[in-house]
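**Student:** Could you have a look at this structure, given as structure tokens, before my questions?
The values are calculated or read from the model by the stated rules, or taken from the named source; none is laboratory data. A quick note: this is a predicted structure, and the numbers were derived from the prediction, not measured. Ideal geometry is used to build each Cβ from the backbone, glycine not excepted, and the neighbour counts take in all protein chains shown.
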Amino acid sequence: DSAGKDLYLHLGPVDDFDVTYFNGEKIGQTGSETPSAWAVPRKYKIPGRFVKKGKNCIAIRVFDNFGDGGVGGEDGLFISADEHGDKVVEKLSGNWKFKVEYMLPPKPQLPNLFWVPSCLYNAMIAPLVQFPITGAIWYQGEANTDRAYQYRKLFPDMIKSWRKAWGYDFPFYFVQLANFQKVKLKPSDSSWAELREAQTMTLSLPNTGMAVTIDIGEANDVHPKNKQDAGKRLALNALAKVYGKKEMVYSGPIYESMNIKDNKIVIKFTHVGGGLWAKGGELKGFAIAGEDKNFVWADAVIKGNTVVVSNSEVMKPLAVRYAWAGNPVCNLFNKEGLPASPFRTDNWPGITEDNF
């Protein structure tokens, strides 16, 4: 019996803002003063004087500013006897009663100039062309994930157009999409993985570089907070390629080639630096497929500067994929601590191939 005892209410993220009550008493709120409030898990202390024996009432007043609002996933909904949530007193998953208190009238529909071709260029890039630049860094791609195959042409063409406007081939370094979204339990197709593939393909342009951030994203925030490591990895490219630090390792492992040996596939990489490294233990994130093109999780072992991938149930393997998901569980690095870029060895049709 928890009557009269202090408890803790865990709600998970609430999109966007909330004021929360327990038995009619306010126990906490999260508002616009909290950055990315829609992604912040809520935890409010319930003073023991509010807790009574038998039924208790929890009420959450939610304000949603844009898009789909409400309380987050069921896994985060519970009451605990301790602040850290280890001693669960009551799970709160299931159906809740709700009603819409008030809905703001829709605003007049105005043209969305953001999506008009050339609008951003004319407003934000063209005015800068009169100034000389040493190089450019670029952090974008989330909005293009549903058209990842188009990005194979769109992104390098944009780089070429900027270089043409300035009149010289300045360095262009970009950030590959970080991990985001819910972790998938089984290998599957992914538009986010296909966009990362398009970004990696852009390295075929001269004087380009890529910072891989597959290890520093956040499942619930498309704009992860760790920009320091992203910046450091961009800086490594500049130091090595522009500022004379040629001996510096500036990239994590990049897929180079594959070789099928019996029932195993041997993967070779560039940018291995001081050697390949499985951060935190055994290698994770590799999947393998045979003629049925059905990918299953694979055993992966580092041997020298290669990774040997296999699955005892796939006797005639044809392809390997690594970190092929929106938010993959993966841990291949080089010994300098730079993560390997996600990749696939196949060229089978992707889910965004026809989206333009």
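**Student:** Hey, which of the strands (runs of 3 or more DSSP E) in the range 62-152, taking only ones fully inside, have at least 2 residues that are out of contact with any Lys or Arg (no Cβ under 9 Å at 6 or more places or on another chain) and not acidic (Asp, Glu)?
**Tutor:** Passing ranges, in order: 88-91, 136-138.
**Student:** So, one more: Looking at the range 229-245, I want the residues that are surrounded by fewer than 20 Cβ atoms within 10 Å (Cβ to Cβ) and have a partner that is of a type in the set (D, E, K, R) and at pLDDT 95 or above with Cβ atoms under 7 Å, at least 6 apart or on another chain. Which pairs are those?
**Tutor:** Leu239/Lys245
**Student:** Out of contact with any strand residue (DSSP E or B) (no Cβ under 9 Å at 6 or more places or on another chain) and in a loop (DSSP other than H, G, I, E, B): which single residue out of Lys164, Lys184 fits that description?
**Tutor:** Among Lys164, Lys184, only Lys184 is out of contact with any strand residue (DSSP E or B) (no Cβ under 9 Å at 6 or more places or on another chain) and in a loop (DSSP other than H, G, I, E, B).
**Student:** Still on this model: Could you tell me which of the residues Ala287, Ala325 is at pLDDT 95 or above and not in a loop (DSSP other than H, G, I, E, B)?
**Tutor:** Step by step, each of Ala287, Ala325 is checked, and only Ala287 is at pLDDT 95 or above and not in a loop (DSSP other than H, G, I, E, B).
**Student:** Does Ala81 satisfy the condition of being over 22 Å from Cys57 (Cβ atoms) and surrounded by 10 or more Cβ atoms within 10 Å (Cβ to Cβ)?
**Tutor:** When the stated conditions are applied, Ala81 does not pass them.
**Student:** Another question, then. For Asn56, state whether it is modelled with pLDDT of 90 or more, surrounded by 12 or more Cβ atoms within 10 Å (Cβ to Cβ), among the polar types (S, T, N, Q) and not in a helix (DSSP H, G or I). Break it down stepwise before answering.
**Tutor:** Values: modelled with pLDDT of 90 or more: yes; surrounded by 12 or more Cβ atoms within 10 Å (Cβ to Cβ): yes; among the polar types (S, T, N, Q): yes; not in a helix (DSSP H, G or I): yes.
So Asn56 passes the test.
**Student:** Kindly provide the set of residues from the range 315-340 that are farther than 23 Å from Asn263 by Cα and over 17 Å from the mean Cα position of the chain (by Cα), ordered by number. Break it down stepwise before answering.
**Tutor:** First, pick out the residues of the range 315-340 that are farther than 23 Å from Asn263 by Cα: 325-329, 331, 333-340.
Result: Phe333, Asn334, Lys335, Glu336, Gly337.
**Student:** Same structure, new question: Output the residue which, of all residues in the range 6-28 that are modelled with pLDDT of 95 or more and assigned to a loop (DSSP other than H, G, I, E, B), is nearest to the chain's Cα centre (by Cα).
**Tutor:** Asp6
**Student:** Quick one: count up the residues across the range 84-95 that are surrounded by 10 or more Cβ atoms within 10 Å (Cβ to Cβ) and at pLDDT 90 or above.
**Tutor:** Qualifying residue count, the range 84-95: 7.
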